[in-house]
Amino acid sequence: MNKKTFISQATLMIALSSAICVNVNAQQKEYPKPEPMKPGMSEYWTPQPKIVTPGVTTVNAAITAPSDAIVLFDGKDLSSWESVKGGPAQWTVHDGVFTVDKKTGDIQTKQKFENFQIHLEWCVPENITGTSQGRGNSGIFLQGKYEIQILDCYNNETYVNGQTGSVYKQTPPLANAMRKPGEWNVYDIIYSAPVFKEDGTYRVPPRVTVIQNGIILQNNTTILGTTEYIGFPKVEKHGAGPIILQSHGDPSEPISFRNIWIREL
Ligand code: MG
């Protein structure tokens, strides 16, 4: 080995050993981790949707189900429903309506659905108390995954992507169409189920239209994924799913439902 070759090899060895050192250092280097998600990180409060006073019902009669609808509650019993925890739905049926029993948890339809139109009516008790999300909170989960919020938003502000008629923590409603506590609110919801790719992502995302008391709140809105309390929407591959009604843990007086029917599309 001549002197020149020896120097070149020595230089190469030094370069290699320093490269290895750099690599080891890179493996050991600590980078900052993302901050843990907190509920407030996915909530925003402005602009608040405009308040639109719904038209009044001039004849005190609920509209009954159309001829091709599956009746999910007609005032008699909860035989079309079950507890999400298993066993019969144990919310309280009385006077042609049923009322959330917060001790027994969420209920869901026994039948599963894909694309549908659903009608349901809900009422916040006249003596409701609490503020923001802690006032008459419930919700309807489409295919068991995607919550359309139910909340008493009559003179009760909250983060706008958590208002009545929001796709929860995603899309605020186009208006605040609340009737006052003690009066019945009417939801008509039209839902298109997602289509999935092989890899579990959406080929066609779910879409929803929500009308409350004749006023449109969601206009064929794209649903981004599951409606998480903490964190971002998740895309989870699924098939047909139930309608879930939420038993929320807030301490306010429980709300009631009546006249629920669904038409498969
Ligand atoms: Mg809710």
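Rule-based calculations on the coordinates, nothing more; no lab input. If you're wondering where the values come from, they're calculated on a predicted model, not measured in any experiment. Cβ sites come from the backbone with ideal geometry, for glycine too, and all protein chains shown count toward neighbours.
Taking springs between alpha-carbon atoms closer than 10 angstrom, which of HIS94, HIS119, HIS248 fluctuates most in the Gaussian network model of the chain?
Taking springs between Cα atoms under 10 Å, the residue moving most is HIS94.
Give the aspartates and glutamates reachable from LYS85 as a straight Cα distance under 15 Å; neighbours fewer than 8 places away on the same chain don't count.
Here the aspartates and glutamates satisfying the reach criterion relative to LYS85 are ASP101, ASP106.
Report the net charge of residues surrounding LEU142, where surrounding means a beta-carbon distance below 12 angstrom and charges are Lys +1, Arg +1, Asp -1, Glu -1.
Counting the neighbours of LEU142, the net charge comes to +1.
Let me test this: with uniform point scatterers at the alpha carbons of the chain, what is the Debye-based log₁₀ I(q)/I(0) at q = 0.08, 0.11, 0.17 1/Å?
So the normalised log intensities are -0.39, -0.63, -1.41.
How much mean residue ellipticity at 222 nm does the chain get from its helices, if each DSSP H run of length 4 or more adds -39500 (n - 2.57) and you divide by all residues, to the nearest 500 deg cm²/dmol?
Here the helix-only value at 222 nm equals -3500 deg cm²/dmol.
Can you list residues from other chains, or at least 5 along the same chain, whose modelled amide H is less than 5 Å from the amide H of GLY144?
Close amide H contacts, sequence-distant or interchain: ILE244.
Give the aspartates and glutamates reachable from LYS197 as a straight Cα distance under 12 Å; neighbours fewer than 8 places away on the same chain don't count.
GLU236
Across the range 249-256, in residue order, what do the Karplus-derived ³J(HN,Hα) couplings come to in whole Hz, using 6.51 cos²θ - 1.76 cosθ + 1.60 with θ = phi - 60° and x for Gly and Pro?
Values, residue by residue: x, 5, x, 6, 4, x, 8, 10 Hz.
Tell me the net charge near THR158. Cut-off is 11 Å between Cβ atoms, THR158 excluded, with +1 for each Lys or Arg and -1 for each Asp or Glu.
Cβ neighbours under 11 Å give a net charge of -2.
Quick one: what does P(r) look like for the range 66-209 with 10 Å bins over all Cα pairs, in whole %?
Reading upward from the zero bin: 10, 37, 38, 14, 2, 0.
Through the Karplus equation 6.51 cos²θ - 1.76 cosθ + 1.60, θ set to phi - 60°, convert the phi angles of the range 103-109 into ³J(HN,Hα) values in whole Hz; use x for Gly and Pro.
Karplus-based 3J(HN,Hα) across the range 103-109 equals 5, 9, x, 5, 10, 9, 5 Hz.
Between 0 and 90 degrees, rounded to the nearest ten: what's the tilt of helix 3-28 against the longest Cα principal axis of the chain?
The angle comes out near 20 degrees.
Could you give the distance between the Cα centres of the range 171-211 and the range 213-265, to the whole Å?
First find each Cα centre; the distance between them is then 7 Å.
Taking only C-alpha pairs under 8 Å that are 6+ residues apart, what is the relative contact order of the chain in percent?
Reported as a whole number, the value is 27 percent.
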